[in-house]
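Quick notes on the structure that follows.
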Amino acid sequence: MIPLDSPRWKEIRHAYGPAGDIPGLLRAIDSDESDAEKGESCWQGIWSSLCHQYSIYPATYAAIPHMVAVAERGSLRNQLEILIFIGTVCAFGKLDGGPVPADFIEPFDTAMSKMKGISMRIVRDAVDHDMLDRYPLPYLIQALLVLRFGAAPVICYLDKFVGGDFDVDVECQECESGDYVNLERLDSSPDTDRALAKDLEDGLRLIQETPEDQWSSEYVVQIAAALASTLGDESLSSIILGFRSQVECSSCGHRFRISDGMEI
């Protein structure tokens, strides 16, 4: 990764132009964690400059290896800020501001791998230290899963739950008609309830018995629901399982699974 004192920071760009101010922000979040107000200001600067309305920049790629180094040795608060920032970049980031220099890619990929390796511990620590008011569980599960599976539609919907938005846009695979469903108001039946209970059992068994690097993206809903359950939020787990429910197209009557009709 490029050193913080490298002149290259002034040659690469973030949302507002040359990124010469980024090393100072990175040093600040690493050096003075006791000043909450200063830390908040630094993080606002990082978000605004490096992930501005989901636009990311060459400077974002240069900064993330330094951020992960901070996460490896820093406070839980910094770890959570960094995990959510990186999760947002992975889920929604769209490159702007020119091509990423070739020598940025390997340090960036290495940092992402390291962050994936410590992400589960960070999420569990957040639960244990009652930090979910500031760092809601849907954000954390989203970040944890996007590092493993990429920007799958189900993963990219999780942050909407924080604001109470449970409406999901779907498209019928048969006639391509668009519609939306509300995950809190899905039809229920004994058969559906049994199927979803089985999905949760499968997810719990998978995360308990299978190494994380062997989790399959085919089970992303079950894994997300199982994580929410084991982390103490059964309500969130139930809502996530709703992605596995089937709905009927209002135009042609075709039945399909909600997760199969989603796109971002």
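The stretch between ASP260 and LYS198 holds 20.5 nm of extra length on full extension. This uses 0.36 nm per residue minus the Cα-Cα distance.
In region 7-135, Rg over Rh equals 0.95, where Rg is the alpha-carbon radius of gyration and Rh the Kirkwood radius from pairwise Cα distances. Note on the chain: GNM, Cα springs under 10 Å; of HIS66, HIS254, HIS52, the largest mean-square fluctuation is that of HIS254. Working from the Cα coordinates of region 117-159, the gyration tensor eigenvalues give, after taking √(5λ), semi-axes of 19, 12, 5 Å in decreasing order.
With the convex hull of its Cα atoms as the shape, region 188-263 has an orientation-averaged projected area of 5.8 nm². Here the 3J(HN,Hα) profile of region 206-214, calculated from phi with Karplus coefficients 6.51, -1.76 and 1.60 at θ = phi - 60°, is 5, 6, 8, 10, 10, x, 4, 6, 10 Hz, Gly and Pro shown as x. When the chain is treated as a GNM with alpha-carbon contacts under 10 Å, the residue of SER119, SER237, SER41 showing the greatest mean-square fluctuation is SER41. With K and R counted +1 and D and E -1, the other residues having a Cβ less than 13 Å from that of LEU158 yield a net charge of -2.
Computed from the Cβ-Cβ distance with R0 of 41 Å, the FRET efficiency linking SER188 to ALA69 stands at 0.30.
Say a paramagnetic label sat at a point 7 Å from the Cα of ILE105, along Cα to Cβ; which residues of region 124-155 have their backbone N under 12 Å from it? Answer for this model: none. Compared with the dominant principal axis of the Cα atoms in the chain, helix 22-31 is inclined by about 80°. Farthest toward the positive end of the dipole of region 7-135, out of ALA91, GLY20, HIS129, is the Cα of ALA91, where the dipole comes from beta carbon charges about the Cα centre. Max-minus-min Cα coordinates of region 111-201 on each principal axis give 43, 28, 26 Å, with the largest extent listed first.
With everything on Cα atoms, drop me the angle between helix 58-73 and the longest principal axis of the chain, reported from 0 to 90° to the nearest 10. It is inclined by approximately 90 degrees. What's the longest bit of the chain with no exposed trypsin sites (Lys or Arg not before Pro), using DSSP loop states and at most 16 other Cβ atoms within 10 Å as the test? The answer is 1-133. Considering only PRO190, PRO153, PRO107, the Gaussian network model of the chain with Cα springs below 10 Å gives its largest mean-square fluctuation to PRO190. Quick one: plug the Kirkwood hydrodynamic radius of region 129-261 (C-alpha pairs) into Stokes-Einstein at 10 °C, 1.306 mPa s, and report D in µm²/s. The Stokes-Einstein estimate is 103 µm²/s. Full extension of the chain between CYS252 and ARG124 yields a length gain of 41.6 nm, computed as 0.36 nm times the residue separation minus the alpha carbon distance.
Only Lys, Arg, Asp and Glu carry charge here, each on its Cβ (+1 for the first two, -1 for the last two); on that basis region 7-135 has a dipole of about 320 debye about its Cα centre.
Here the calculated FRET efficiency for SER55 and ASP167, from their Cβ-Cβ distance with R0 = 25 Å, stands at 0.45, rounded to the nearest 0.05. Listed as lacking a disulfide-compatible partner in the chain: CYS42, CYS51, CYS90, CYS156, by the criterion of no other cysteine Cβ under 4.7 Å.
Kindly count the pairs of lysines across the chain whose alpha carbons are less than 24 Å apart, treating pairs on different chains or eight or more residues apart as eligible. Taking the Cα cut-off of 24 Å, the pair count is 6. The modelled label-to-label distance for the pair LEU95/MET131, using points 7 Å beyond Cα in the direction of Cβ, is 3.1 nm.
Computed from the coordinates by the stated procedures, all read-outs in this text should not be read as laboratory data. The model shown is predicted, which means the values in this text are computed figures rather than measured ones. A quick note on method: Cβ atoms are made from the backbone with ideal geometry, for glycine too, and the neighbour counts reach across all protein chains shown.
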